[in-house]
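Colleague: Quick one: this structure, given as structure tokens, is what I'll be asking you about.
Read-outs: derived from the displayed coordinates by stated rules, not from any lab. Predicted, not measured: the structure shown is a model, and the values here were computed from it. Cβ placement follows ideal geometry from the backbone for every residue including glycine, while neighbour counts extend to all protein chains displayed.
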Amino acid sequence: MPRSIPASSVSALRRGRCRNCLPNISITGTGSISPAFPYRGGALVIPDMLGGRIHVYWPTPATVLPLIREGKIKALAISSPQRSPDLPDVPTMKELGLDELTLEFWAGMWAPAGVPADVVEKLNAAVNEALQSSEMIASMKKLGFESRIASSQDFAAFVAAEIPRWTAVVNASGVKSQ
């Protein structure tokens, strides 16, 4: 959020403007209305935020960390389950009582249905090994990401749990498939 906005907490923003699906979780979770304004990438949002045309943005920390450190924008909360090592004084949404706004950006490796289990396990082991390399850890940290080492079963369970959560968000938002 731009430093010029006189809000110093998430609760002060429950009637603010936000980006992407997080506002829709906010609508269903807190009763506040937070319209979303689509942008074609985070780099295009920053000038509008600094110019005061939008007041709230939900970026990856790496996108805005320099601006936070320079005092050009304020970080009110982080949506990850735990505080960011780069922003240790910024509370999590969960700490603020907004459990439904706890989320992380994630990616996974997929394979077609029917791939033999032993092949999936070999791929999983190779990916996990690569994620533990110092080069990969440094590269991901630059982007504001942390790797999670897990089994293919853990990943499948995570995805299965995300589907009903995001289905509810999309349904509550009124967004229709085109």
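Colleague: Evaluate E = 1/(1 + (r/R0)^6) for VAL90 and ASN171, where r is the Cβ-Cβ distance and R0 equals 25 Å; express this FRET efficiency to the nearest 0.05.
Modeller: On the way: r = 31 Å, r/R0 = 1.23.
That gives a FRET efficiency of 0.25.
Colleague: Starting at the first residue of region 55-71, write each ³J(HN,Hα) from the Karplus equation 6.51 cos²θ - 1.76 cosθ + 1.60 with θ = phi - 60°, in whole Hz, x for Gly and Pro.
Modeller: 10, 9, 9, 10, x, 6, x, 4, 5, 10, 3, x, 5, 5, 5, 7, x
Colleague: Shifting gears a bit: Under 5 Å between amide H atoms, partner at least 5 residues away or on a different chain: which partners does LEU103 have, H built in plane at 1.01 Å?
Modeller: SER80
Colleague: Next up: Between ILE137 and LYS72, take the C-beta separation as r, use R0 = 30 Å, and let me know the FRET efficiency to the nearest 0.05. Let's see the in-between values first.
Modeller: On the way: r = 28 Å, r/R0 = 0.95.
So, using R0 = 30 Å, E works out to roughly 0.60.
Colleague: Shifting gears a bit: By count of other Cβ within 10 Å, fewest leading, how are PHE105, PHE145 ordered? Present the calculation step by step, with values, prior to reporting the outcome.
Modeller: Working: PHE105 11, PHE145 17.
Lowest to highest Cβ neighbour count: PHE105, PHE145.
Colleague: Would you mind classifying region 68-178 by shape? Square roots of the alpha carbon gyration tensor eigenvalues, ordered a ≥ b ≥ c; an a/c under 1.5 is rounded, otherwise it is prolate if a/b is larger than b/c and oblate if not. Provide the component values of the computation, followed by the final result.
Modeller: Details: a/c = 2.42, a/b = 1.26, b/c = 1.92.
Cα axes put region 68-178 in the oblate bin.
Colleague: Continuing with the same structure: Starting from the amide H of VAL56, placed 1.01 Å from N in the peptide plane, find each other amide H under 5 Å away whose residue is 5 or more places distant or on another chain.
Modeller: Hits under the 5 Å cutoff: ARG17.
Colleague: For region 34-107 and region 118-178, what is the separation of their Cα centres, given in Å?
Modeller: With region 34-107 and region 118-178 each reduced to a Cα centre, they are spaced 20 Å.
Colleague: Just list whichever of LYS94/LYS122; LYS72/LYS142; LYS74/LYS141 have alpha carbons separated by over 24 Å in the model shown.
Modeller: Numbers: LYS94/LYS122 36 Å; LYS72/LYS142 20 Å; LYS74/LYS141 21 Å.
Cα-Cα > 24 Å for LYS94/LYS122; rest within.
Colleague: Using a Förster distance of 25 angstrom, determine the FRET efficiency expected from the C-beta separation of GLU146 and GLN178, and round it to 0.05. All intermediate terms of the calculation are to be shown ahead of the outcome.
Modeller: Values: r = 35 Å, r/R0 = 1.38.
For R0 = 25 Å, the calculated efficiency reads 0.15.
Colleague: Under 12 Å from the Cβ of GLY144, count the other residues' Cβ atoms, weight Lys and Arg +1, Asp and Glu -1, and hand me the total. Please list the in-between numbers first.
Modeller: On the way: positive: LYS141, LYS142; negative: ASP86, GLU104, GLU146.
Spelling it out: positives minus negatives among the neighbours equals -1.
Colleague: Calculate one ³J(HN,Hα) per residue across region 99-111 by plugging θ = phi - 60° into the Karplus curve 6.51 cos²θ - 1.76 cosθ + 1.60, and present them in order as whole Hz with x for glycine and proline.
Modeller: Couplings: 4, 5, 9, 7, 7, 9, 7, 9, 9, x, 9, 10, 9 Hz.
Colleague: Quick query: amide H of LYS74 versus all other amide H atoms, modeled in the peptide plane; which residues come in under 5 Å with a sequence gap of 5 or more or a different chain?
Modeller: ARG3
Colleague: Applying the Karplus parametrisation 6.51 cos²θ - 1.76 cosθ + 1.60 with θ = phi - 60° to the phi angles of region 172-178, what ³J(HN,Hα) value in whole Hz is obtained for each residue in order, glycine and proline being reported as x?
Modeller: Going residue by residue, I get 5, 6, x, 5, 10, 5, 10 Hz, with x marking Gly and Pro.
Colleague: Okay, next question. For ASP99 and LYS122 in the same chain, what is the full-extension length gain: residue separation times 0.36 nm, less their Cα-Cα distance, in nm? Could you put the intermediate results ahead of the total?
Modeller: Values: separation 23, 0.36 × 23 = 8.28 nm, distance 3.54 nm.
Gain on extension, ASP99 to LYS122, equals 4.7 nm.
Colleague: Scan region 121-150 for GluC sites (Glu not before Pro) in coil per DSSP, keeping those whose Cβ has at most 15 other Cβ atoms within 10 Å, and list them by number.
Modeller: On the way: sites: GLU121, GLU129, GLU135, GLU146; in loops: GLU146.
Here the GluC sites (Glu not before Pro) that fit, given the DSSP loop and packing criteria, are GLU146.
Colleague: Just add up the charged neighbours of GLN82: K/R +1, D/E -1, any other residue whose Cβ is under 11 Å from the Cβ of GLN82. Write down the numbers at each step before the final one.
Modeller: Working: positive: ARG83, LYS94; negative: GLU95, GLU104, GLU146.
Taking every Cβ under 11 Å from that of GLN82, the sum is -1.
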